[in-house]
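Structure first, commentary second.
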Amino acid sequence: MGPKSKRMTAPILLWHRRDLRLSDNPALAWALDKGRPVVPVFLYDQVVETWGAAPKWRLGLGLEAFGDALDSVGSQLVLRRGDALAALRKLVDETGADTVVWNRLYTPDERARDTEVKEALRNDGLTARSCAGHLLFEPWTVETGSGGFYKVYTPFWKAVRDRDPGPTTPAPHQVPAPDAWPESDALADWGLDRAMGRGAEVVAQVSLARGPGRAQPSRTACRPCKIRLTPSPRSRAQTANARRSCARSARHCAMLL
């Protein structure tokens with residue numbers, strides 16, 4: 001098989017970060033458009049290591065749910081822990097991939113990591129592509145009249161409210177799989193809920209799986225203070241007032257409302 005034929009069949013590494021979804025995912029749509037096998041990957045890398053207990057706990061729930069979603073379309077999520085560039089290079093060697101694609105992120109540490117990864121992969125002779133899939137508009141496309149970013153919301157909103165963010169993409173019915181899957185870490189081994197301790201049990205009282213819309217409380221009262229919890233605006237306002245007399249309001253009731 002010649003170089004051109006290999007390139008037409010080589011897998012594409014799809015590096016997921018904060019985009020654990022199948023629909024409205026430009027990086028996934030771009031990869032699928034190539035008609036080649038796609039290997040979805042999540043890295044517990046140097047940026048994720050700095051996250052606090054609650055974000056890591058939520059990440060664990062998201063990765064579990066997203067893994068199930070990928071299973072439903074004939075794919076799977078490969079989990080690796082370590083430096084992002086080193087992990088991606090190892091996956092390239094293991095899978096024969098010649099392309100890595102991801103959706104852009106914008107915090108300073110994320111941008112520094114992604115810039116390093118993109119430059120290094122391109123120097124390796126690989127295709128490294130980032131897509132706009134995290135914001136409605138790229139930050140550098142929305143500027144004040146004198147240049148620079150908006151610092152007040154109302155002028156920003158007036159500048160973008162008539163813009164078309166473009167169409168969304170539906171979730172695929174099938175994601176083409178590689179002939180052989182690389183090994184994956186076990187999500188449980190990452191212990192993403194470990195630092196939460198008892199806090200995970202408290203936060204878990206809020207239902208996160210009641211379909212579209214705002215999550216509703218999964219029980220009707222706060223156990224320590226017996227304050228009723230209901231979804232109506234009036235009840236929420238009454239409960240907010242009542243919380244002032246609850247000795248544990250800051251750490252408990254506020255998390256349940």
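Rule-based calculations on the coordinates, nothing more; no lab input. Computed from a predicted model, the values in this text were never measured in an experiment. Reconstructed Cβ throughout: ideal geometry from the backbone, glycine too, with neighbour counts over all protein chains shown.
Here is how the numbers come out for the structure above:
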read-out	value
Chain lengthening between Ala53 and Asp162 when straightened (0.36 nm per residue, less Cα-Cα)	35.4 nm
Phi-based couplings in Hz for the stretch 169-176 (Karplus 6.51, -1.76, 1.60; Gly and Pro marked x)	10, x, 5, x, 7, 8, 10, x
Volume per residue that the Cα convex hull of the stretch 1-91 spans, once the total is divided by residue count, Å³	103
Cβ-based net charge around Leu105, under 11 Å, with every Lys or Arg adding one and every Asp or Glu removing one	+1
25 °C / 0.890 mPa s Stokes-Einstein diffusion coefficient of the stretch 110-212, Kirkwood radius on C-alpha pairs, µm²/s	124
Protection proxy ranking, peptides 137-146, 90-99, average beta carbon neighbours within 10 Å, highest first	90-99, 137-146
Where labels lie 7 Å past Cα in the beta-carbon direction, separation of Thr115 and Phe137 in nm	2.4
By average C-beta atoms within 10 angstrom, highest first, the peptides 170-178, 8-16, 158-166	8-16, 170-178, 158-166
Solution diffusion estimate, µm²/s, Stokes-Einstein, the stretch 74-146, Kirkwood Rh from C-alpha pairs, 10 °C, viscosity 1.306 mPa s	113
